[in-house]
Amino acid sequence: MNKEVSLIFLLLLLISCNPHQEVDKEVQTIEKFLRAWKFMSIKVPVIDNKIDVDYVFFNEKYVYSTSTLTINNGEEIQIDSSFKKWYKREHHNKIILPDGEQFVPMTALFTAPKSVNNKLPFFVMPLPSFLEKDGLKSKHTSVENLVTAIFLHEFSHSQQLETLGKKVNEFEKQKTFETEISDNLIQDLYEKDKEYKELFEQEIFYLYGSLDKVSNTEFQNNIKLGKEIFKKRQDLLAEKKLKEIDAVFLTMEGLGQYLMYLWLIDTKGAGLENTKAIEEVRRSKTKWSQEEGFVFFLINQRLHNNKEWLKSLNTIFE
């Protein structure tokens with residue numbers, strides 16, 4: 001009897017010392033994001049710039065971050081695939097970003113460069129549970145898989161801060177118009193221009209149409225038609241500088257979309273077949289720079305059938 005009591009006491013002691021803790025699914029999602037990035041940076045070496053950033057992820061209740069300014073008194077958590085210290089705490093609908101600015105949790109994904117207030121650039125993104133409650137849906141895969149692909153797109157911009165990001169900053173300093181410099185700049189300026197918009201839509205029609213052509217002759221003919229319209233469209237831009245801006249954002253957004261696509265079709269990713277992956281990436285088809293940039297990457301992939309062309313992203317549209 002004493003042995004039975006001792007055994008029960010020992011079991012209770014072990015349970016009290018090692019209480020069962022519910023697995024935090026959000027931590028697992030963040031780990032999935034980081035593993036996906038590591039995998040893609042091997043698959044597409046051009047994105048592997050190793051620019052260190054602080055992360056800020058959040059759901060409706062908690063914020064998860066590597067910034068001690070964002071979380072200065074939180075629970076330290078373990079994130080596999082990361083060499084950084086991570087913290088978690090309730091955000092009570094207010095998050096302090098690494099630059100000291102306040103942020104209300106919303107569907108917003110962005111990278112901010114380093115400044116006098118933050119030593120590292122930082123990356124902000126809602127987690128799949130937040131985005132799903134906000135209405136995000138996927139037609140061909142899980143929301144988590146789609147958001148992982150979106151993470152790859154958005155995080156790629158953080159790794160372009162020292163390259164294409166610098167060009168964007170130069171454009172901002174030199175611009176002669178009031179419209180804010182963003183990846184939607186050309187669309188913001190010309191969406192209501194009937195002639196320009198019609199050319200853009202024709203261009204997209206021929207370029208995406210080329211991907212359906214089995215014969216190389218038809219493929220090349222569609223590309224030729226699309227490029228001719230591309231030139232006509234760019235000739236309508238009011239300033240020569242806008243052509244350069246257009247090329248930069250088409251490259252940045254195209255690469256982001258292409259990374260989504262590569263992960264979605266890979267068996268280590270979502271494992272989708274080609275047309276379904278393209279449909280997931282294009283989704284609403286409303287963002288011009290994403291639509292056009294993506295198809296240029298798909299065309300170059302078919303034209304070159306290797307990774308060498310990725311080493312010269314600035315000339316992808318020449």
Restricting to region 134-176, name every residue that is closer than 24 Å to LEU189 by Cβ and of a type in the set (Asp, Glu).
GLU154, GLU170, GLU172
What single numbered condition from (1) surrounded by 19 or more Cβ atoms within 10 Å (Cβ to Cβ); (2) among the charged types (D, E, K, R); (3) assigned to a loop (DSSP other than H, G, I, E, B) fails to hold for ASP246?
(3)
Residues of region 155-173 classified as in a helix (DSSP H, G or I) and touching a helix residue (DSSP H, G or I) at 6+ places or on another chain (Cβ under 7 Å), total:
7
Only residues that are open to solvent by 20 Å² or more (accessible area, probe 1.4 Å), under 26 Å from ILE181 (Cβ atoms) and over 27 Å from the mean Cα position of the chain (by Cα): list them for region 194-226, please.
LYS194, GLU195, GLU198, LEU199
Is it the case that SER156 is modelled with pLDDT of 95 or more, of a type in the set (Ser, Thr, Tyr) and out of contact with any strand residue (DSSP E or B) (no Cβ under 9 Å at 6 or more places or on another chain)?
yes
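Quick one: in region 137-154, which of the residues that are among the polar types (S, T, N, Q) and assigned to a helix (DSSP H, G or I) is surrounded by the fewest Cβ atoms within 10 Å (Cβ to Cβ)? Walk me through it before giving the result.
The first filter runs over region 137-154 and keeps only residues among the polar types (S, T, N, Q), leaving 138, 141-142, 145, 148.
Of the ones still in play, those that are also assigned to a helix (DSSP H, G or I) are 145, 148.
Numbers: ASN145: 21, THR148: 23.
Here the residue is ASN145.
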Say we look at region 106-136 and pick out the residues that are in contact with a helix residue (DSSP H, G or I) (Cβ under 8 Å, 6 or more places away or on another chain) and surrounded by fewer than 19 Cβ atoms within 10 Å (Cβ to Cβ); which of these is farthest from LYS61 (Cα to Cα)?
PRO113
Give me the pairs, please: first residue somewhere in region 270-285 and in a helix (DSSP H, G or I), second residue anywhere and open to solvent by 80 Å² or more (accessible area, probe 1.4 Å) and at pLDDT 95 or above, beta-carbon distance under 9 Å, and either six or more positions apart or on two chains.
LYS276/LYS139; GLU279/LYS139; GLU280/LYS139
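Being among the aromatic types (Phe, Trp, Tyr) and open to solvent by 30 Å² or more (accessible area, probe 1.4 Å) is true for just one of PHE177, PHE171. Which residue is that?
Just one listed residue meets the conditions, PHE177.
The values are calculated or read from the model by the stated rules, or taken from the named source; none is laboratory data. This one's a predicted model, so the numbers in the text were calculated from it and none came from an experiment. Quick reminder, even Gly has a Cβ in these numbers, built from the backbone with ideal geometry, and neighbours come from all protein chains shown. All accessible areas refer to the heavy atoms of the entire protein, side chains included, with ligands and DNA or RNA removed. Shrake-Rupley method; radii C 1.70, N 1.55, O 1.52, S 1.80 Å.
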